[in-house]
Structures are given as structure tokens and as C-alpha cells.
There are 2 protein chains.
Amino acid sequence: LRRGSCEMVELDTFRMSARTKHDRILQEGLALMSRDGLAGVTLGVLAAQAEMSKSGLFAHFRSKEDVQVELLKHAAQIGARYIVEPSMAADPGLPRLRSLVEHWLGWAPRAGLPGGCPVAAAIFEVDDASGLVREQVLRMESEWRALLTQSTAEAVERGHLHSDLDVEQFVWELSGIYLSHHVAQRFLRAPDADLRARRAFGDLLARSLPSP
Amino acid sequence: LRRGSCEMVELDTFRMSARTKHDRILQEGLALMSRDGLAGVTLGVLAAQAEMSKSGLFAHFRSKEDVQVELLKHAAQIGARYIVEPSMAADPGLPRLRSLVEHWLGWAPRAGLPGGCPVAAAIFEVDDASGLVREQVLRMESEWRALLTQSTAEAVERGHLHSDLDVEQFVWELSGIYLSHHVAQRFLRAPDADLRARRAFGDLLARSLPSP
């Protein structure tokens, strides 16, 4: 019995250490991806960042594609924690929609990532590709747009927005504001990026309000 | 004399062939870049596409960075031919601004590129980087935004748009429409990408018209 429980302790320690090492790889990989895109996450660079060998990496992932898919899922989890969870505290309808947008704009640096939104960058990186990585980005972007669409539709249902609002067009234009903000903040490094985005979103809301 | 002119002919033939080979590299490189981004333009792949050796490539370019900068300049030339030149035929003010936007949206596939706009993709690829490639993308994007700003300001001066229009905000939101269209067309492959972009631009214009 004693020997058995000792083995269990060892097994737990091994599991915890594997978990920690796996987390370490995901953390370093997501930082790389945020700064240099999916293409920047080469197995050599990632192994060096996580202070392990390339063959050690393959104990955790089957292939480079597998690494990229796992990093995208990790980005989605962090996005959920920094954007979706705090917004669910707001009332459904316009308050929740506003909160989602406020937490969405510039979420990546607030989450401690050294670069921009890894999903926005991945969209432009894989748009003309095919395969599992593109499918993962598409799944994430579709789920995110579905959440924005649902939140906007709830704002319409509750009378916070115009009853004949084109909800799909609203989300399409909102996505444009997010992308323009990303370019202004990360690429142009414009000090008024937040101001311009808030003005654009405020204007989009103002023209979507119910007729008085 | 005869020998001299013969040498000149040979020199011209050499120059023309070098020019043609250089053009061939730029053409193949821009196609690669349009599909796979700057990171997709590796010297090995580019040499294979242009049917030459890697060392042959270095007779034309000093470094990978030099290849990327030349490809970006080549993209700017093609953009000028497909977007700016035809729009200059339109009257200054709103007609020219409309023409610029019509020729801008989806210009890359119309110019025969196999993927999306290489400049939009490069913006998201180099935003957190530093160096000559980022500086080239920034120069191109700044020139393009200056042209949009000037065309919008001309439309204001001629009374085609509201006299107290925030021209910078107008161009900021227009850039968002372009990016959202790029995502819809290339990434989501949405059949209504053009329709949504036209509706968004039409709406941006409608709320920028002079008060009646």
C-alpha cells in the first residue's frame, strides 16, 4: 500500500510537471504568435523559448499544424476570459453589447500579449490557405461573430436598438471598426486609435437606435 | 565599328533578358506574397517558382529583406495602375473618391493576383516588427491614406460633402470597410462581401453629405 501511494504521488508529480511544461509551451507560443504571426511560430524558435529540445516538443504535439491549432485554442480561452466573461456581468441587450466591444478593442495587450490580436492576424495569414489551421481560425471567428450577432439581436428584441436594424450589416461594420482600430493601434501606432474607434462605434450605435 | 555595334546588341539583349528575368521574379514573388504573405516568400520557393537557382536570385537582390521591399514596391505599382490611374479620369471631389473606393475594393484578384491584397496582409504581418520591410509598408499605407484624405478633403471643398466633416475619421472608417470587405471576401468567402461593403460605404457617404 505504501509503495502504491508513493507511486501515485510520483505519477501526480509527473502529470503536474507535464501540465506545467505544456502550459509553458502554450504561453511562449502565444507570445510568439501575437508578435510574429503563425509563421513566426517555428518549432526551433518555440523549443528555444520554452527551454526544451525540438524532440521534447514532439512529446506534446504531433506536428507544427497541431501546435498552431492548440495555440489558436489557447488564444480563444484567453479571449473568453478577457472579453466574454466580464461582459456576461452586464445586462443582456445594449449594456452587454457595449461591454463586449469595450473589452474586445485592444484585448491582446491587456491580456499581457506582446503583440496584437493573434486571431485578426491569423485571419489575414490563412485567408487564401486550406487545411486544419484555417478551419480552426474560421471556427473561432464564426463563433465570435455569432456571439456579436446574438448580442445585437438581443438589443433589438429588448427595444434598445431599432426594430428593423440589419443585424448582419451591423456586425459586419463593427468588425471593420475592430480591424481599423487594430491597424491604428499596432501598425500606425496612432495615439488616437482608441478615440477614433469609440467615435466610430458610438456613431454606429447612434444610427441604430430606435426612432424617437 | 561593326564589332562595337555587335557588342552593343549583345549588351542590349543581356539587359533585356536581365530585365525580363527580374520582372519574372517580381511577378512570381508577388503571386506568392498575395497568397501566403511576406513569410511565404522564402528564397528557396521563389527561386523554384522563377525557375532559377538561389544563387541566381542573389544576382538580382541583396537579401531576403531586399526581395520583400522590392515586392512591396511592385505591389504599389500594380495598385497604382489598377486603382489610382483609372480614378484620375473622374472629376475631382466625390466622383473621384467614389471611383477610388470602387477600384480599391477587391483590386488584387482583378489585377490577376491569386490571393488577397498583399498590403493589407503585410500590415497585420509586420505590425509588431521593426526594420526596412515595416518601414516600406508604412510608407505605402501612409501615401495611400494621404491620397484618400486629399480626395475626401477635395469633396468637402467642392461642397460635395459636409463642410464640417471630420475627414480623418471618414478615412479611418473607410479603411475599416476595406478591411472588413477583405475578410469577408478572402477569409469568410462570403458571397455578399461586395454588397455589404457597398452598403457600408453608401451609408458612410449618406451621413457625410451636406445638410439639405
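The values are calculated or read from the model by the stated rules, or taken from the named source; none is laboratory data. Because the structure is predicted, anything quoted here is derived from the model rather than measured. Positions of Cβ are generated from backbone atoms using ideal geometry, with glycine treated the same way; all protein chains shown enter the neighbour counts.
Quick one: is A:E125 under 30 Å from B:A31 (Cβ atoms), crowded, with 20+ Cβ neighbours inside 10 Å and within 11 Å of chain B (Cβ to nearest Cβ)?
So A:E125 passes the test.
Kindly indicate whether A:A89 is away from every other protein chain (no Cβ under 14 Å), touching a helix residue (DSSP H, G or I) at 6+ places or on another chain (Cβ under 8 Å), over 26 Å from B:A122 (Cβ atoms) and at pLDDT 95 or above.
yes
Might you check whether a residue that is modelled with pLDDT of 95 or more, closer than 23 Å to A:G40 by Cα, touching a helix residue (DSSP H, G or I) at 6+ places or on another chain (Cβ under 8 Å) and polar (S, T, N, Q) occurs anywhere in segment A:133-151?
Looking through segment A:133-151, at least one residue is modelled with pLDDT of 95 or more, closer than 23 Å to A:G40 by Cα, touching a helix residue (DSSP H, G or I) at 6+ places or on another chain (Cβ under 8 Å) and polar (S, T, N, Q).
What are the residues in segment B:171-189 that are more than 15 Å from A:E168 (Cα to Cα), facing another protein chain (nearest Cβ under 7 Å) and either among the acidic types (D, E) or without any contact (Cβ under 8 Å) to a residue 40 or more places away in the chain (or both), if any?
Within segment B:171-189, B:W172, B:E173, B:S175, B:G176, B:F187 qualify.
Any residue at all in segment A:59-72 that is out of contact with any Asp or Glu (no Cβ under 6 Å at 6 or more places or on another chain), of a type in the set (S, T, N, Q), surrounded by fewer than 18 Cβ atoms within 10 Å (Cβ to Cβ) and in a helix (DSSP H, G or I)?
no
Hey, any hits in segment A:142-153 for a residue that's at the interface with chain B (Cβ under 9 Å from one of its Cβ atoms) and under 21 Å from B:H181 (Cβ atoms)?
Scanning segment A:142-153, I find at least one residue that is at the interface with chain B (Cβ under 9 Å from one of its Cβ atoms) and under 21 Å from B:H181 (Cβ atoms), so the answer is yes.
Can you confirm whether segment A:194-202 contains a residue that is touching a Ser or Thr at 6+ places or on another chain (Cβ under 6 Å), under 22 Å from B:D194 (Cα atoms), buried (at least 17 other Cβ atoms within 10 Å of the Cβ) and not basic (K, R)?
no
Condition first: aliphatic (A, V, I, L, M) and buried (at least 19 other Cβ atoms within 10 Å of the Cβ). Now tell me which residues in segment B:79-107 satisfy that.
Answer for segment B:79-107, where residues must be aliphatic (A, V, I, L, M) and buried (at least 19 other Cβ atoms within 10 Å of the Cβ): B:I83, B:L94, B:L97, B:L100, B:V101, B:L105.
For the structure I just gave you, tell me whether B:R158 is charged (D, E, K, R), within 12 Å of another protein chain (Cβ to nearest Cβ) and either buried (at least 17 other Cβ atoms within 10 Å of the Cβ) or more than 24 Å from A:S34 (Cα to Cα) (or both).
no
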